[in-house]
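Only one structure is covered here, and it is reproduced in the block below.
Every number here is computed from the coordinates shown, using simple stated rules; none is lab data. The structure presented is a predicted model; accordingly, all values stated were derived computationally and were not measured. Cβ sites come from the backbone with ideal geometry, for glycine too, and all protein chains shown count toward neighbours.
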Number of protein chains: 2
Amino acid sequence: MGNHFQQLLEKVNEIHDLEKVTWLLSWDREVNAPSAGAAIRSKQIGTVSKLMHELSVSDEMGELIERSADELNSAGTDRSSMEQSLVRFLARDYKENRRIPTDYVQRVSIAQGKANEAWKSARANNNFAEFAPHLAISIAHGQEKAEYLGYEDEKYDALLSQFERGMKTADVRRVFDAIRAETAPLIAAINERQDKVDDSILHQDFPVEIQQTVAPYFAKAVGYNFDHGAELGTAAHPFASSFSRYDARITTRWYANFISPALFGTMHETGHAIYEQGTGAELERTPLARGTSMGIHESQSRMMENLVGRSRAFWHAHFHKLQEAFPSQLGSSSAEDFYRAINKVSPSFIRVEADELTYNMHIMLRFELEQAMINGDLKAEDVPDAWNSKMEELLGIIPPTDSQGCLQDIHWTRPSYGYFPTYALGNFYSVQLLDAAKEQDPSIEAGLAKGDTAPLKAWLGKNIHEHGKKFDPPELVTMATGRPLDHEPFVRYAKAKFGELYEL
Amino acid sequence: MGNHFQQLLEKVNEIHDLEKVTWLLSWDREVNAPSAGAAIRSKQIGTVSKLMHELSVSDEMGELIERSADELNSAGTDRSSMEQSLVRFLARDYKENRRIPTDYVQRVSIAQGKANEAWKSARANNNFAEFAPHLAISIAHGQEKAEYLGYEDEKYDALLSQFERGMKTADVRRVFDAIRAETAPLIAAINERQDKVDDSILHQDFPVEIQQTVAPYFAKAVGYNFDHGAELGTAAHPFASSFSRYDARITTRWYANFISPALFGTMHETGHAIYEQGTGAELERTPLARGTSMGIHESQSRMMENLVGRSRAFWHAHFHKLQEAFPSQLGSSSAEDFYRAINKVSPSFIRVEADELTYNMHIMLRFELEQAMINGDLKAEDVPDAWNSKMEELLGIIPPTDSQGCLQDIHWTRPSYGYFPTYALGNFYSVQLLDAAKEQDPSIEAGLAKGDTAPLKAWLGKNIHEHGKKFDPPELVTMATGRPLDHEPFVRYAKAKFGELYEL
């Protein structure tokens, strides 16, 4: 490695250390810290973030990036090398960071604090009017950010690109439209046959302390490496976080009367954690040591939660473990009963509680509303009406209150427009990746048939995880599956699975 | 507040944020992180420490301190104000930090890593020769540091002052000599009457999970505020740490066959934690938001562990709680039996396992050896002999191996000479402080008589805790008790307590 690159790497290592430090500060705030300590903790995070930002956008950093790029190009270093990937990533990141003015970041930070308070109160009181002025500001901030970042086709492209590099709004729209066209009739047909699936066994008394003893088994079953992580933490809004590939952690929540959140939440977060645990060792202490996008990250969590965790084969192999933990609740049920219960499809108001199929409709609604907001076609005050009519159009139901409608998510308290679509992209990527994996390595299907995820994890490690952020999603998915994101695998999967379950 | 001071405070807040961040990174490493994550965690700590150091010793910081001092003096700000105390502290700290060359810090850091490995191996193999060359380097580094820091009377003063500001070697020697003269005969007399106290009830099966349910009761009983802290953590070498006055945490260890470590360890660390929880709100995010010295900090932990936690009144009030947790182990014992057992005095080889009385002898030994090492009168290779003859002189026993002798502590792997004496200073301060507290407020004695530590905690809060690092130990102790450290309170206490127990 040349001299400039070496200097750059040292700076980058330090900046990345600081970033991981902010992750730990946040993780600890959610999992361990007393609420009394939260205010000062936020200041500590602010101080580290500020230093990190200053180091990232310094003139010196810009020069080092440029010189390193020249150095690597002169040496003919391969495009897919860690070095070239890192410099490519940094050059883009540096340019974007320099484009966003410091005063904008401060304005957003202040506005977000206020919006957050207003949103909490508005949701608690079912009073959208309280939140409306803050939403208007957040939309304006989103539009402003799009202008700083720049775009060729659609304004929304600039925002989407922050979360899903290389994907344009038109690409997402095409996939979403195709899947909507194919799955909306499926959902409607299922809705006529609600009596086919009974999920009442999931809603019983499941003592939390027993859930806590059994959840680690399922984290392990879908590939979590406890030696490169920690015991499951508890958090109100579960998440995974990592402080290095050797220390990726999971949080879960526990409902005393409903087994699903802990079980599928744990497997979901495990999917995220094994991505981080699997990033290549040579990427360590660089910003490449991380999942490449929100959408690809979500594909890993959804794969473990749904494609594996809600599969028939998995439960035929592992249900006995759950039965042993809860003999009086599940002793008289079969693995097949359980498999059916966890796959009940039913339109509902709340995104985070939605089933595998209707979930995507919740996302499509937000994707359409966000574009309209950013394009100036939808004003903050008109969001509730737009929300409700979209809900009726997509799922045939209208939320009785805004709290169960457009006030349900925290996301719009900040200008993070473009984030929501990645949740559904994750679902679609996950099936395409699993199909390719099975095709390329027959031992994967054989393993899954007996509840063994090790061959699948090995394929994901080699084709997705170890690359970290070296490649943008379209390039990575094409490398792994031979083509960019495609709607067909998901449609085929959904029709087969739910067609069989609901006898359609 | 003037303009310069305000600017200084902003910088200081950020530097202090970074320091607290390193504490959290360390706490998490000990309590949660997998061992696989330790190497990268150390780099993260290194990065934050380096940034913190750069900010602390910048020319800009030096100017701001000077200008702030002028500003405060012109305004006639009171000496005991937060502002004057902070500038006083920073001026001294800045001067010392600038005196120590960066290359020295790096050399020590590298040497310490190697010494640590060698010490572990030497201790495991009872082979002092492995550690000897590293100890020689550590001694040389201690001598070098003393020269950078400077001293008037004795070289050791410079090192001691790093841990106990305002105390000179001669001050410590005077107190230690007086206490040794008075307690050595006491220990010898007790040694003749070992059969007077039976501590076998402490050594039974005490299931760890039950210890874990009962320990929080005792943390609370000696004043821990769980709302400004967290659940007890588990650590191989227990410690307390704080990330703000609103978040001070305790760790404990659990022995399945011995109840004392968890019980008295918890009360010890609680004493440290309530000091940090009690620092004044106006000191927050400054280096004054911390116990003033290692010795005063230890006085708080020892007070809760020994003066309260090993007192007759405390156990007559709280023993039932322990009995309820362990009915088969303790059901047939009385509070008085337990009180006697936990106060058994018996010379032993290992400092951290020593009783209240012989503990000080272990410290005096180290204090004398350290002075000789720093003065050049004791070479590394001669340490084992010096250790063993001192042990015989002070406690009448000779360790059968160096592992149980001069290799038992980690401290000398780094040049932290001057630290050991603060452990015993803590014992002596604690009695002097408690005597003064009882004299000034009769409700303290009345409270303790029924196991209630609230009045004592209130007095400590007002006289010690809330001052943080505003005053050096001699000034603080004089403010609180009317005089600097004195040997008499401890001697009186020891003679009365152990004279009665052993019928002397």
Show me, for the stretch A:319-336, the HN-Hα J-couplings you get by feeding each phi into the Karplus relation (A = 6.51, B = -1.76, C = 1.60, θ = phi - 60°), rounded to Hz, glycine and proline as x. 4, 4, 5, 6, 4, 5, 6, 10, x, 6, 7, 10, x, 9, 9, 9, 4, 5
Evaluate the charge dipole of chain A about its Cα centre and quote only its size in Debye, nearest 20, assuming +1 on the Cβ of each Lys and Arg and -1 on the Cβ of each Asp and Glu. 440
Separation between Cα centres of the stretch B:370-404 and the stretch B:45-83, rounded to whole Å: 42
Geometric extent, Cα atoms of the stretch B:415-489 - Rg, Dmax (angstrom): 13.4, 45
Charge dipole of chain B about the Cα centre (unit charges at C-beta), most positive-ward option of B:Phe367, B:Ile210, B:Ile137: B:Ile210
DSSP-loop GluC sites (Glu not before Pro) across the stretch B:112-209, with at most 10 other Cβ within 10 angstrom: B:Glu152, B:Glu192
Cα→Cβ-extended label distance, 7 Å offset, between B:Ala124 and A:Asn73, nm: 5.2
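Got the relative contact order for chain A handy, in percent, Cα pairs under 8 Å and 6 or more residues apart?
Over chain A, the number comes to 20 percent.
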Expressed in angstrom, Rg and Dmax over the Cα atoms of the stretch A:113-171 are 14.6, 41
Out of residues 5 or more away from A:Tyr255 or on other chains, whose amide H comes under 5 Å of its own, with H placed 1.01 Å from N in the peptide plane? A:Ala262
Per 10 Å bin, what is the whole-percent P(r) computed from every C-alpha pair distance within chain A? 4, 17, 29, 29, 16, 4, 1
I want to check the label-to-label distance for B:Ala39 and B:Ile210. Put each point 7 Å from Cα in the C-beta direction and report it in nm to one decimal. 4.3
Give a residue-ordered list of calculated ³J(HN,Hα) values for the stretch B:257-265 (Karplus: 6.51 cos²θ - 1.76 cosθ + 1.60, θ = phi - 60°; whole Hz; x for Gly, Pro). 10, 7, 7, 4, x, 5, 5, 7, x
Using the reciprocal of the averaged 1/r over all distinct C-alpha pairs, how large is the Kirkwood radius of the stretch A:128-229 in Å? 19.4
Counting just the Cα atoms, what span does the stretch A:384-426 cover along each of its three principal axes? Round to the nearest Å and put the largest first. 26, 22, 14
Kindly state, as a whole number, the per residue volume in cubic angstrom of the convex hull around the alpha carbon atoms of the protein assembly as shown. 193
Alpha carbon centre of the stretch A:231-251 versus the stretch A:191-219: separation in Å? 23
Spelling it out for A:Arg249: with amide H atoms placed in the peptide plane at 1.01 Å from N, the residues 5 or more places away or on another chain with amide H under 5 Å from its amide H are A:Ser241, A:Ser242, A:Phe243
Once both labels are modelled 7 Å past Cα along the beta-carbon direction, what's the A:Ser81-A:Glu381 spacing in nm? 6.0
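What FRET efficiency comes out for B:Met479 versus B:Ala178 if R0 is 30 angstrom and r is the Cβ-Cβ distance? Round to the nearest 0.05. Walk me through the intermediate numbers first.
Working: r = 23 Å, r/R0 = 0.77.
About 0.85, to the nearest 0.05.
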From the helices alone, meaning DSSP H stretches of at least four residues, give me the mean residue ellipticity at 222 nm for chain A, per-run term -39500 (n - 2.57), in deg cm²/dmol to the nearest 500. -20500 deg cm²/dmol
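Between B:Lys50 and A:Ser346, what's the calculated FRET efficiency when r is the beta-carbon distance and R0 is 35 Å? Round to 0.05.
Details: r = 55 Å, r/R0 = 1.58.
That gives a FRET efficiency of 0.05.
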For the stretch B:139-259, give the magnitude of the charge dipole about the Cα centre (Cβ charges: +1 Lys/Arg, -1 Asp/Glu; no others), in debye to the nearest 20. 180
Find how many whole Å separate the alpha carbon centroid of the stretch A:442-504 from the alpha carbon centroid of the stretch A:253-299. 16
Count neighbours as other Cβ atoms within 10 Å of each site's Cβ, and list the trypsin sites (Lys or Arg not before Pro) in the stretch A:225-281 that are DSSP loop with at most 13 such neighbours. none
Base-10 log of normalised Debye intensity for the stretch A:358-444 (one unit scatterer per alpha-carbon) at q = 0.16 Å⁻¹: -0.68
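Please report, largest first and rounded to whole Å, the three semi-axes of the ellipsoid equivalent to the stretch A:3-99, where each semi-axis is the square root of five times an eigenvalue of the C-alpha gyration tensor. Intermediate values should be presented prior to the final figure.
Values: eigenvalues 219, 36, 19 Å².
The equivalent ellipsoid of the stretch A:3-99 has semi-axes of 33, 13, 10 Å.
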Restricting to Cα pairs below 8 Å that are 6+ residues apart, what does the relative contact order work out to for the stretch B:1-92? Please round to a whole percent. 40
Please list the three semi-axes, largest first and in whole Å, of the ellipsoid equivalent to the stretch B:170-263, using sqrt of 5 times the eigenvalues of its alpha carbon gyration tensor. 32, 24, 11
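Between the DSSP loop rule and a limit of at most 14 other Cβ atoms within 10 Å, which trypsin sites (Lys or Arg not before Pro) in the stretch B:1-96 are left?
Values: sites: B:Lys11, B:Lys20, B:Arg29, B:Arg41, B:Lys43, B:Lys50, B:Arg67, B:Arg79, B:Arg88, B:Arg92, B:Lys95; in loops: B:Arg79.
Answer by residue number: B:Arg79.
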Work from the charge dipole of chain B (Cβ charges, +1 for Lys and Arg, -1 for Asp and Glu, about the Cα centre) and give the residue of B:Phe163, B:Ala341, B:Tyr94 farthest towards its positive end. B:Ala341
